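Please treat every number below as a calculation from the coordinates, not as lab data. All figures in this text were calculated on a predicted structure; none of them were measured in a lab. Reconstructed Cβ throughout: ideal geometry from the backbone, glycine too, with neighbour counts over all protein chains shown.
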Amino acid sequence: MNYHCKYCGHKASSVSSLTGSSCSRHPDGPNRGKHALYEGGEKSRYTCKYCGSHSSSISSLTGSSCSRHPDGANKGKHQPAL
Ligand SMILES: [Zn+2]
Ligand SMILES: [Zn+2]
């Protein structure tokens with residue numbers, strides 16, 4: 001089983017290796033924090049929990065700004081729903 005980061009889609013074979021390295025799309029800024037576990041399962045399509053945008057991977061979903069982000073329009077990236 002693979003574990004994915006909910007911020008950037010980074011894939012790791014264990015939770016400890018995932019959360020042990022820095023995340024380039026951390027909400028506090030690039031590499032300001034560690035990857036965080038995406039607790040949903042692997043899917044063929046991911047949906048943003050704020051605006052409903054779809055993407056085929058977490059990395060492409062979280063690579064673009066969200067118009068309905070809670071911090072303000074385009075102040076953050078899409079976040080995958082579980
Ligand atoms: Zn990450
Ligand atoms: Zn969104």
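All of (1) within 15 Å of ligand 1 (Cβ to nearest atom); (2) in contact (Cβ under 8 Å) with a residue 12 or more places away in the chain; (3) not charged (D, E, K, R) hold for GLY33 with one exception: (2). Of all the residues in the range 36-54, those that are out of contact with any Cys (no Cβ under 8 Å at 6 or more places or on another chain), closer than 27 Å to GLY20 by Cβ and touching a residue at least 12 places away in the same chain (Cβ under 8 Å) number 5. Within the range 68-78, the set of residues being of a type in the set (Gly, Ala, Ser) and more than 16 Å from ligand 1 (Cβ to nearest atom) comprises GLY72, ALA73.
Of the residues in the range 44-67, how many are of a type in the set (Gly, Ala, Ser), assigned to a loop (DSSP other than H, G, I, E, B) and more than 16 Å from ligand 1 (Cβ to nearest atom)?
Within the range 44-67, the subset of a type in the set (Gly, Ala, Ser) is 44, 52-53, 55-57, 59-60, 63-65, 67.
Within this subset, residues satisfying the condition of being assigned to a loop (DSSP other than H, G, I, E, B) are 44, 52-53, 56-57, 63-64, 67.
Now drop any that are not more than 16 Å from ligand 1 (Cβ to nearest atom), which leaves 44, 52-53, 56, 67.
Residues that pass the stated criteria total 5.
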